[in-house]
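None of the figures in this text is laboratory data; all of them are computed from the coordinates on show. Only a predicted model underlies this, so the values are computations on that prediction, with no experimental measurement involved. Cβ atoms come from the backbone with ideal geometry, glycine included; neighbour counts cover every protein chain shown.
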């Protein structure tokens, strides 16, 4: 495995660990930690959002680095940005420190999403071809 392939997963993992540490629980994502104390429909929403976030996070490396698909990477990044944006107000309602811990991820995704979309538009994709390329 090339060093270049490891850079983004290591950076993302480090960022998530720092966010968890800021929330006081480095082993738990902020959303899951907050959901432990929340009752009712918001608990289910937070857990569902945490599951989607984890699925996107775990599968991103495969979609982008293994499949080399900028289109899939853009879709994954936009999905994660959406999940984070939906989770933030729910978290803030129940656990302000967990919401604060998610802010670095939200900031990163606010930068990463337009970059990923640009990359998908500017480069041919091995899965989708160059149908989405705008030159």
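Before moving on, here are some points about what is shown:
- Förster radius 30 Å - calculated FRET efficiency between residue 92 and residue 62, Cβ distance, rounded to 0.05: 0.40
- Virtual spin-label span in nm between residue 130 and residue 106, 7 Å along Cα→Cβ: 4.0 nm
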